[in-house]
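What follows is a short report on a single structure.
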Amino acid sequence: MASKPSEKLMKRMSVRRLPAEVRRHNFDEVSLGYNEEEAMTEAKRCLKCPSPFCIKGCPVQIEIPAFIECIRKGDFSGAISKLKEKNNLPGITGRVCPQELQCEEQCVLGKRGDPIAIGALERFAADYELKKGVGVPERAKSTGKRVAVIGSGPAGLTAAGDLAKLGHEVTVFEALHLPGGVLVYGIPEFRLPKSIVKAEVEYVSRLGAEIKTNVIIGRTLSVDDLFDQGYNAVFIGTGAGSPWFMRISGENLNRIYSANEFLTRCNLMKAYSFPEYDTPIQAGKGVAVVGGGNAAMDAARTALRLGGEEVHIIYRRSREEMPARLEEVRNAEEEGVQMDLLVNPTRYLGNKNGWVEGVECLRMELGTPDESGRRRPVPLKGSEFLMQIDLAVVAIGQGPNPLIAQTTQGLTVGEDERIVVDEFGKSSRGGVWAAGDIASNEGTVIHAMGNAKKSALAIHQYLMK
């Protein structure tokens, strides 16, 4: 049995961060991570439970106590080796995975104090390896089978890495000019540096996966073309790139963006390196970001760094219902983002030249829970007010791009246009699997990776039969 935790084990080692007054003016990574001493001190808090619940909370099933034990002993190379048995992208997941709702939520220490900082320890091990040099495990003997992976986001990279390690010939097709998917175009530099994504994409390449960019499956090539070219199986991991809008008056005015477009422009046009790279997006005196998820926080904090004088999050529910990570909400508030809660936009106003100048909002109150389990926002009559803005970002979610579904015969999609798959990601089309946001609405990097691992194993079993 695990020993009873002492009081000194109740509080976790804090992770150093850039001061808010510094970081709001640059795109440097906010979290500074652990040094070796801090990581070993935190690792010593682990109770080494005989039946660890933390593993059950991990979508990719990392052997968490084992890698933490390596860190406790100072065997940092052993820690990263243990991590990479199940996770090809530990530097990414150590930064953006919502551990507080998964592995850390299951940690026994969390019942009386702070759970082990599993995410911070994972990041430490990954960063340690990057500094000393990344090794590559031996590949299995070639099977002679070929797999096409569509999309180089977290799902695609995970499937590609696992299948390459199993000895298959893997080609990843990416529509954009840089691999990484949402990891590159959707997550800001201050939360996930591009250098980390580049390093982990290179690791997948060194495992044996070939990555081809500027190839749009459904336009440049079709799924049928891939089979005609000799691929034995196809994995689809194209994510969700079609933004949702509220469909209210004035939403087509200039300088009203979807979060997808705003963050993509800022990331791929290197706004984080201004003035070395000049971006066409300029945040002016007033910015309104509609939504309460991670994308909304990313957009608001990006707008602040681009010069926004007043940046507002407009969210129709209360703080307790916000889907964003608490850490990201806290970071946004510390940096100066203003939270306008229980508020909903009703229309945008513009000038004669078609540029947005304001947003009319209505105050809300919470009613009974809806189908999501959260309390339903109810409008308060007569509570309208006007907010002066010159830029707005709509961050209320997004759906899958229908291009592949529309150009692939025999592929069944649901009412939400996501590909219908079984528990292992197998679609209705023979030889085709899918995972990530194209096939589910779980919406996190780690869930996409977890489902992609299931698909990769199913594809391997299919090919070997």
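Once you charge only the Cβ atoms, +1 for Lys and Arg and -1 for Asp and Glu, what is the size of the charge dipole of segment 7-132 about its Cα centre, to the nearest 20 debye?
Details: 22 positive and 19 negative charges, 43 e Å.
In debye, rounded to 20, segment 7-132 gives about 200.
Given a cut-off of 30 Å, name the pairs among 48/454; 48/86; 198/465; 212/454; 198/454; 56/270 whose C-alpha atoms lie farther apart than that in the structure shown.
Values: 48/454 27 Å; 48/86 19 Å; 198/465 35 Å; 212/454 24 Å; 198/454 24 Å; 56/270 38 Å.
Correct reply: 198/465; 56/270.
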Subject >> Mean-position separation - Cα centroids, segment 123-193 and segment 257-284, in angstrom >> reply: 25 Å
Original post:
Of 142, 246, 183, which is farthest along the charge dipole of the chain in the positive direction, counting Lys and Arg as +1 and Asp and Glu as -1 at C-beta?
Top reply: 142
Original post:
What is the set of long-range amide H partners of residue 376 at a cut-off below 5 Å, with H atoms built 1.01 Å from backbone N?
Top reply: 367, 368, 370
Subject >> Dipole of the chain, positive end: most advanced residue of 464, 398, 152 [Cβ charges, Cα centre] >> reply: 464
Subject >> Cα-based reach from residue 381 at 15 Å (exclusive), listing aspartates and glutamates while leaving out same-chain residues under 8 positions away >> reply: 360, 365
Subject >> Exposed-loop-free span, longest in the chain, where chymotrypsin sites (Phe, Trp or Tyr not before Pro) count as exposed if DSSP calls them loop and at most 15 other C-beta atoms lie within 10 Å >> reply: 1-244
Subject >> Other-chain or far-sequence residues with amide H under 5 Å of residue 391's (modelled H) >> reply: 286, 288
Subject >> Loop-resident sites, segment 159-256, for trypsin sites (Lys or Arg not before Pro), counting at most 15 other Cβ within 10 Å (DSSP) >> reply: 219, 247
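Tell me, Kirkwood radius of the chain from alpha-carbon pair distances, in Å?
Numbers: mean 1/r = 0.0427 Å⁻¹.
For the chain, inverting the mean 1/r across all distinct Cα pairs yields 23.4 Å.
How much length is gained if the chain between residue 372 and residue 424 is pulled fully straight, taking 0.36 nm per residue apart and subtracting their Cα-Cα distance, in nm to one decimal? Before the final figure, lay out each step's value.
Values: separation 52, 0.36 × 52 = 18.72 nm, distance 2.51 nm.
My answer for the length gained is 16.2 nm.
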Subject >> Long-range Cα-Cα pairs in segment 7-132 (distance over 20 Å), rounded percent >> reply: 40 percent
Original post:
Taking the Cα centre of segment 244-397 as the origin, how large is its charge dipole in debye, to the nearest 20, when only Lys and Arg (+1) and Asp and Glu (-1) carry charge on their Cβ atoms?
Top reply: 360 debye
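Hey, got a sec? Which trypsin sites (Lys or Arg not before Pro) in segment 87-164 land in a DSSP loop and have at most 10 other Cβ atoms within 10 Å? If you can, show how the numbers build up before the last one.
Values: sites: 95, 111, 112, 123, 131, 132, 139, 141, 145, 146; in loops: 112, 139, 141, 145.
When the trypsin sites (Lys or Arg not before Pro) of segment 87-164 are filtered for loop state and at most 10 Cβ neighbours within 10 Å, 141 remain.
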Subject >> Magnitude of the charge dipole, the chain, Cβ model with Lys/Arg +1 and Asp/Glu -1, debye to 20 >> reply: 980 debye
Original post:
Under a straight-distance cross-link criterion of Cα-Cα below 16 Å, which aspartates and glutamates are reachable from residue 131, leaving out those fewer than 8 residues away in the same chain?
Top reply: 36, 75, 122, 200, 202
**OP:** List every residue whose amide H lies under 5 Å from the amide H of residue 339, counting only residues 5 or more places away in sequence or on a different chain, with H placed 1.01 Å from N in the peptide plane.
**Re:** 313
Subject >> Full-extension gain in nm, residue 219 to residue 108, via 0.36 nm per residue minus C-alpha separation >> reply: 34.9 nm
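Bear in mind that the values in this text are calculations on the coordinates, not laboratory data. Predicted model only: the values in this text are computed from it and were never measured. FYI the Cβ positions are ideal-geometry reconstructions off the backbone, even for glycines, and counts take in every protein chain you see.
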